[in-house]
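Below you'll find the structure, written out as structure tokens, and then a few comments.
The values are calculated or read from the model by the stated rules, or taken from the named source; none is laboratory data. These figures come from a predicted structure and were not determined experimentally. Cβ coordinates were reconstructed from backbone atoms using ideal geometry, including for glycine residues, and neighbour counts include every protein chain displayed. For the accessible areas, the whole protein counts, side chains as well, though only heavy atoms, and no ligand, DNA or RNA atoms are used. Shrake-Rupley method; radii C 1.70, N 1.55, O 1.52, S 1.80 Å.
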Amino acid sequence: MHSILPNSRRHDIAIHASGRIDISARIARALSLAPGDVIDIARDNGEWYLYVKYRADNYTGNHRGRVWATSNGKGTFRTHSASIARAIFFATGTPLTGVLRFPCGTIINRDNQTFITIIYRNPI
């Protein structure tokens with residue numbers, strides 16, 4: 001027999017080779033994302049963490065990784081960062097084509113900053 005759903009876990013982040021990054025509503029709520037916030041990915045002890053680098057009202061100018069709400073009404077967010085996409089594709093050893101989808105893990109708070117673990121070793 002063969003399973004129709006070999007992996008039933010849904011992704012939280014989709015990273016496209018073009019640099020487009022889609023963030024699920026669950027992760028957006030956990031990070032309290034708002035349009036105009038700037039996200040980044042931090043690495044620590046072999047783990048990767050998604051976090052809000054700057055809040056929309058705390059910076060000036062144009063920044064890479066600035067999110068905007070998608071128009072689908074589901075609370076999802078999108079940004080564009082070719083440098084983040086290249087780093088993730090390189091870390092997973094995947095050719096820079098297509099899309100990678102990842103689940104997220106635990107929420108960590110350090111110094112009043114919220115980080116969410118990206119499970120990048122097992123793309124969906």
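Observations on the structure shown:
- Region 13-32, subset outside any strand (DSSP E or B) and touching a Gly at 6+ places or on another chain (Cβ under 9 Å), residue nearest to residue 105 (Cα to Cα): 26
- Matching residues in region 15-56 - criterion: being surrounded by fewer than 18 Cβ atoms within 10 Å (Cβ to Cβ) and aliphatic (A, V, I, L, M): 17, 25, 30, 34, 42, 56
- Near pairs, Cβ below 7 angstrom, 6+ apart or cross-chain, from region 77-100 (under 19 Å from residue 67 (Cα atoms) and among the basic types (Lys, Arg)) to any residue that is open to solvent by 60 Å² or more (accessible area, probe 1.4 Å) and in a loop (DSSP other than H, G, I, E, B): 86/96
- Condition broken by residue 65, with the remaining ones in (1) open to solvent by less than 80 Å² (accessible area, probe 1.4 Å); (2) farther than 24 Å from residue 112 by Cα satisfied: (2)
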